[in-house]
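Each remark here refers to the structure printed beneath this line.
Every read-out reported here was derived from the displayed coordinates using simple, explicitly stated rules and does not represent laboratory data. Being a predicted model, the structure only gives us computed values, none of them experimental. Cβ sites come from the backbone with ideal geometry, for glycine too, and all protein chains shown count toward neighbours.
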Amino acid sequence: MEKITFYGTHSYDRRCFAQINEEFGFELCNLRSFLSTENARMTQGARAVCIFVNDRADREVLTILKEQGVELLTLRCAGFNNVDLKAAAELGIKVTQVPAYSPHAIAEHAVALLLTLNRKTHRAYIRTRDGNFALHGLMGFDLYGKTAGIFGTGRIARELIRILQGFGLKILAYDPYPDEAYAREHDVTYVSPEELYARADIISLNCPLTEQNRHLINAQAIARMKKGVFIINTGRGPLIDTAALIEGLRSGQVGAAGLDVYEDERDYFYADRSDNVITDDHLARLLSFNNVLITSHQAFFTEEAMVNIARTTLQNCKDFFEHTELKNEVKAQ
Ligand code: NAI
């Protein structure tokens, strides 16, 4: 029986993978800690190692994995910015991803962040439970007729656009690889980032993190945006320069920020840190704004997505062990 060692697992991962594994019959070894240089030797003889968004698979870690006999690094997520693909290729470690497990889940979460921040239901919830039924500070705006600017027009962005158009929002988009036929058919207007900043009332980041777009949303970009712009990030934390965002929020240039991802999330997200003080000053400052909503990289977290993640990940392993075509292989560009 082939063994797969999982890093960074939580109860919900273990439950879901165990259930779907009944169809596959692998031996699943679960480690709770994220993959790092400290624990990369704990692969327990497995040829396949499974990781998630905040595990570290840089050259150093991959080299240790290779020494342990690991041949497959299988990501149970879509993004692979945490993997040094060039190093993996040089070491002869194959890398697979789950390209799409539920674009609906992420798009719907982005909308949840937007609606909460606009209609301030996060504040109303606390107020009414405390017997405070006053409305001051809770005024939102109609989404109808406003303009959303979306970075990326891939799977998640398209779902998001479909939902936002249901509210009557006009859609601008920027994508370095525009799909003009899609845009024509779906009433989406491709514009430059500059035009998007100048015209959008709401900006959503639905693109991958690459070398080129780290700190895409920086002080210069924020200065070009409409005053009071809403920024929603369900992409990756480093797409936003956090210091610049905080400054934008302080000055009122940014009206609200919905963040499912955060630049330095690795030390906090997916863990209960409530017994400690927050020593990350940027995170603490963000949490102090009543117009910022942070969720802990949970946009993917629906039943449907988890089942799809588990099934596709285990199928990727099966394809690898059986030497059939690796449909979901990720290669260095
Ligand atoms: P996709 O590959 O279907 O689409 C990505 C699109 O972004 C492509 O059209 C690509 O051309 C475009 N793009 C690349 N660089 C860009 C740039 N600099 N500016 C604007 N567009 C750019 O990917 P999908 O499935 O839509 O996912 C997008 C991202 O969402 C993932 O890469 C991942 O980082 C993030 N994600 C977050 C999750 C969460 O739980 N918060 C879960 C799943 C994905």
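Computed quantities for the displayed model
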| item | result |
| --- | --- |
| Where Rh is the Kirkwood radius over Cα pairs, Rg/Rh for the range 49-101 | 0.93 |
| The range 103-294: mean projected area of Cα convex hull, nm² | 11.5 nm² |
| LYS227 versus VAL191: modelled label distance in nm, points set 7 Å from Cα along the beta carbon direction | 1.9 nm |
| Two-decimal Rg/Rh across the range 94-160, once Rg and the Kirkwood Rh are taken from alpha-carbon atoms | 1.16 |
| Per-selection Kirkwood Rh - the range 273-333 (Cα, Å, 1 d.p.) | 15.6 Å |
| Per residue convex hull volume, Cα atoms of the range 153-224, in Å³ | 87 Å³ |
| Which of ALA244, TYR125, THR295, positive extreme of dipole for the chain (C-beta unit charges) | TYR125 |
| Under DSSP loop assignment and at most 10 Cβ neighbours within 10 Å, longest chymotrypsin sites (Phe, Trp or Tyr not before Pro)-free interval of the chain | 145-333 |
| Nitroxide proxy distance, nm - points 7 Å out along Cα→Cβ at THR121 and SER11 | 2.6 nm |
| For the chain, size of Cβ-based charge dipole, Lys and Arg +1, Asp and Glu -1, in debye | 800 debye |
| Additional length obtainable on full extension of the chain from THR37 to ASN218, 0.36 nm per residue less Cα span | 62.0 nm |
| Contact order normalised by residue count of the range 103-294, Cα under 8 Å, 6+ apart, percent | 19 percent |
| Summed residue charge, Cβ within 11 Å of ARG236's Cβ, Lys/Arg positive, Asp/Glu negative | -2 |
| Built amide H within the under 5 Å cut-off of ASN30, gap 5+ | PHE6 |
| Length added when fully stretched, LYS3-LYS327, from 0.36 nm per residue minus Cα-Cα | 114.6 nm |
| Radius 13 Å from Cβ of PHE6, net charge of other residues (Lys, Arg +1; Asp, Glu -1) | +2 |
| Extension gain, ASP272 back to ALA284 (0.36 nm per residue minus Cα-Cα distance, nm) | 2.8 nm |
| Derived scalar couplings ³J(HN,Hα) [the range 99-112; Karplus, 6.51 cos²θ - 1.76 cosθ + 1.60; whole Hz; x for Gly, Pro] | x, 8, 9, 5, x, 4, 4, 6, 4, 5, 5, 4, 5, 4 |
| Cleavage-rule hits, GluC sites (Glu not before Pro), the range 32-113, DSSP coil, Cβ neighbours within 10 Å at most 15 | GLU38 |
| Local net charge near GLU27, Cβ-Cβ under 11 Å (Lys/Arg +1, Asp/Glu -1) | 0 |
| Cα-projected label distance for ALA181 with ASN132, points at 7 Å along beta-carbon direction, nm | 5.4 nm |
| CD proxy at 222 nm, helix term only [per DSSP H run n ≥ 4: -39500 (n - 2.57); per residue of the chain; nearest 500] | -11000 deg cm²/dmol |
| Dipole of the range 103-294, positive end: most advanced residue of ILE203, TYR270, ASN233 [Cβ charges, Cα centre] | ILE203 |
| Projected area averaged over orientations for the chain, convex hull of C-alpha atoms, nm² | 18.4 nm² |
| Inter-part distance where the range 1-50 and the range 98-164 are each reduced to a Cα centre, Å | 34 Å |
| Under the Karplus curve 6.51 cos²θ - 1.76 cosθ + 1.60, θ = phi - 60°, whole-Hz ³J(HN,Hα) for the range 250-257, x wherever Gly or Pro sits | 4, 7, x, 4, 9, x, 6, 9 |
| Residue-by-residue Karplus 3J(HN,Hα) for the range 132-140, coefficients 6.51, -1.76, 1.60, Hz, glycine and proline x | 9, 9, 6, 9, 4, x, 9, 5, x |
